[in-house]
Amino acid sequence: MLATRQVDLVGLVPPSALASVSGRSERRVGSVAARSVFLLLNRGGVGEWSSLQDGELRRAVALALDREVVAEEGWPDGEENDSLIPPVVLDAATEQVEPLANDPEAARRILDNGGWVPGTDGVRTRDGRRLTLSLVVRDPALVPEPAVMALAAQLAEVGVELVRAEQGSGGPSPLQRVNAATFDLFVDVRPQDDANPCSLCRFFSIRPGGQLTVAGVVGAGPAGDDLFDQVHVAPSLDSARRVAAELMQVVVAEEVVAVPLAVLPNPWLVSSRVQGFEPAGLAGAQRWKSVYLSR
């Protein structure tokens, strides 16, 4: 429709669709980076999905990942982000968050100490159980396959096998898998969807206002819950940002229930007729008064 000029703007274009429309007369514009890409680690699973109840194993997974490489493979137009909350939201408080640095050797030592022994095919085992983790992607259109391949390759380097869970064909949806805790790792892409600087914190707290179905399996524990309470009574925006950053530090470095991968702009494809358009990082904040069409 854009190519035939039935429409003049197309917003939030998924990466998988961009290649099919590039090279024509339309231009591509992006907002400030405000959509977070992150990996959730299921600490609340049981049975075959119980591996990441082990905090040291979660730490090993995070240490094995080179977030910069994964982001470059999947979202070359994105930006590096140490927190799940976009820097445009946290402002200076972003510097408070220090996720675990990529250190495959440290990951291997943790796995060795945990009794996970490398097998003949490189995958570690313990008591006859292979160290295989299942990966669920909430929206495959937003998560390019090269990013998934990079995650799998980096985990394989330390002896962890990553298997993509089957999706579609009448089976449970990604969010149903989260609700039932039938996954190990979950890749999500989420926008900053309101003015609360701790909007994305809701996935990690069981306090009122938290997203209980998600926080039940990836919650940041009592420390995260206490900080979630504090951020909502903070006396100023700056203090709310600082508390939100503290909560993110618990999430990514202490409890290790999430790994930030990137922060993305909102991509738009715009025809040559559109003038005065400035894409907003928060979709609900988009302004249209200055936009007009040239002849």
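The values are calculated or read from the model by the stated rules, or taken from the named source; none is laboratory data. Everything numeric here is computed off the predicted structure, so don't read it as measured data. Please note: Cβ atoms are built from the backbone with ideal geometry, for glycine as well, and neighbour counts cover all protein chains shown.
Within the range 226-240, being surrounded by fewer than 22 Cβ atoms within 10 Å (Cβ to Cβ) and either in a helix (DSSP H, G or I) or not small (G, A, S) (or both) holds for D226, D229, Q230, H232, V233, P235, L237, D238, S239, A240.
Taking the range 1-106 as the region of interest, the helices (runs of 4 or more DSSP H) fully inside it that hold 3 or more residues being in the same structural domain as F186 (by TED's automatic domain parsing) are 55-64, 67-74, 87-90.
Residues that are of a type in the set (S, T, N, Q) and assigned to a loop (DSSP other than H, G, I, E, B) were ranked within the range 171-218; the one that is surrounded by the most Cβ atoms within 10 Å (Cβ to Cβ) is S205.
Mind listing whichever residues of the range 119-170 are part of a helix (DSSP H, G or I) and either acidic (D, E) or farther than 20 Å from G74 by Cα (or both)? Once the filter is applied, which keeps residues that are part of a helix (DSSP H, G or I) and either acidic (D, E) or farther than 20 Å from G74 by Cα (or both), the range 119-170 yields only E145.
Among V143, V70, V148, V137, which is under 16 Å from the mean Cα position of the chain (by Cα) and closer than 23 Å to V250 by Cα? Matching residue, one of V143, V70, V148, V137: V70.
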